[in-house]
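Since the structure comes first, as structure tokens, the remarks are kept for the end.
The values are calculated or read from the model by the stated rules, or taken from the named source; none is laboratory data. Everything numeric here is computed off the predicted structure, so don't read it as measured data. Because the Cβ atoms are built from the backbone with ideal geometry, glycine has one as well, and the counts that use them run over all protein chains shown. Accessible surface is based on the protein model in full, side chains and every heavy atom, while ligands, DNA and RNA are left aside. Shrake-Rupley method; radii C 1.70, N 1.55, O 1.52, S 1.80 Å.
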Amino acid sequence: MKLKITNLSKTYKNGVKALDNLNLEIGTGMFGLLGPNGAGKSSLMRTIATLQKPDSGMIEFDGINTLKDQMELRKILGYLPQEFGVYPSMSAEDLLHYFAQLKGIASKTERATIVKQVLEVTNLYEVRMKDVNGYSGGMKQRFGIAQLLLNNPKLIIVDEPTAGLDPAERHRFLNVLREIGTNHTVIFSTHIVDDVKELCNEIAILNGGKILTQGTPQSTTDAL
Ligand code: ADP
Ligand code: ADP
């Protein structure tokens, strides 16, 4: 399963060129997109997630032309945006049941199985009865992962999930991502070099809307 991005460009209405003829190929496993604030990480991830259109370029995943067949991609995509979700006042477990229903998992036993599974993977099972609005930032991020895992996506995009987390939360979160990366294609963006060093088998460094270099975390970050 490969994601191939060709000549992707985007200039916003205010004249900012966020993506500048960007080319990138991503294979399976845990891929890190490293770059400072303003590099274009969110723009790239929103574009891959079909939430915004580029001015030009092409994106292919698993035989899907994602800019043309947006719906096909959305069916197999799990996307965690940088902004926290706002949730109704419900327990994590009830909310996940609700989301599972929205995703079309009709059978109650099937829903119970998948909800338990995603709560366990994200290490939230013990706090499943608590209101999500009372969760810490780290728990909310893990809840976001639980939510996107409900439909077993083939491609997972996680935008700067560790921003603002304290060290303990950050470690818990990275551990969850590491586990998910063993059997999913995960693209994960961050401005923290240690995040990609701990987690990724391959990374790319983004700056000024361009990929500067791509390779193993060791080979690409030595100069930083
Ligand atoms: P990053 O995620 O790496 O911080 P972004 O993709 O958010 O980078 O932003 C890249 C550049 O595009 C920045 O200069 C940012 O201010 C600008 N930008 C991002 N989104 C918009 C938008 N909707 N309208 C105008 N400019 C934007
Ligand atoms: P922080 O590191 O700021 O405390 P966390 O998200 O790590 O934020 O956790 C907030 C609180 O909830 C902590 O007291 C933590 O021990 C507890 N907590 C977090 N995840 C779980 C879990 N899966 N099971 C039980 N308690 C948890």
Condition first: of a type in the set (Gly, Ala, Ser) and more than 14 Å from ligand 2 (Cβ to nearest atom). Can you find one or more residues in the range 135-142 that meet it? no
Right, Met1: touching a residue at least 12 places away in the same chain (Cβ under 8 Å), in a loop (DSSP other than H, G, I, E, B) and closer than 19 Å to Ile156 by Cα or not? yes
Inside the range 104-132, can you point out the residues that are open to solvent by less than 90 Å² (accessible area, probe 1.4 Å) and either within 28 Å of Thr47 (Cα to Cα) or of a type in the set (Asp, Glu) (or both)? Gly104, Ile105, Val118, Val121, Thr122, Asp131
Residues (closer than 17 Å to Ser189 by Cβ and aliphatic (A, V, I, L, M)) located in the range 149-172: Leu155, Ile156, Ile157, Val158, Ala163, Leu165
Out of everything in the range 102-159 that is closer than 18 Å to Leu73 by Cα and of a type in the set (Lys, Arg), what residue ends up being modelled with the highest pLDDT? Lys154
For Arg46, indicate whether it is of a type in the set (Lys, Arg), within 16 Å of ligand 1 (Cβ to nearest atom) and either surrounded by 18 or more Cβ atoms within 10 Å (Cβ to Cβ) or in a helix (DSSP H, G or I) (or both). yes
Filter the range 150-166 for residues that are open to solvent by 20 Å² or more (accessible area, probe 1.4 Å) and away from ligand 1 (no atom under 14 Å from the Cβ); which is farthest from Ile180 (Cα to Cα)? Asp166
Which pairs have Cβ atoms under 7 Å, sit 6 or more apart or on different chains, and link a residue in the range 167-180 that is closer than 13 Å to Gln141 by Cβ and open to solvent by 40 Å² or more (accessible area, probe 1.4 Å) to one that is more than 16 Å from ligand 1 (Cβ to nearest atom) and not charged (D, E, K, R)? Arg172/Asn123; Arg172/Gly138
Of all residues in the range 24-42 being open to solvent by less than 70 Å² (accessible area, probe 1.4 Å) and not small (Gly, Ala, Ser), which is farthest from Asp194 (Cα to Cα)? Leu24
Which of the residues belonging to the range 87-103 are aliphatic (A, V, I, L, M) and buried (at least 18 other Cβ atoms within 10 Å of the Cβ)? Ala92, Leu95, Leu96, Ala100
Among Ile192, Ile180, Ile156, which is touching a His at 6+ places or on another chain (Cβ under 6 Å) and not polar (S, T, N, Q)? Ile156
Is it the case, given these coordinates, that Ala18 is aliphatic (A, V, I, L, M), surrounded by 14 or more Cβ atoms within 10 Å (Cβ to Cβ), within 21 Å of Lys197 (Cα to Cα) and in contact (Cβ under 8 Å) with a residue 40 or more places away in the chain? no
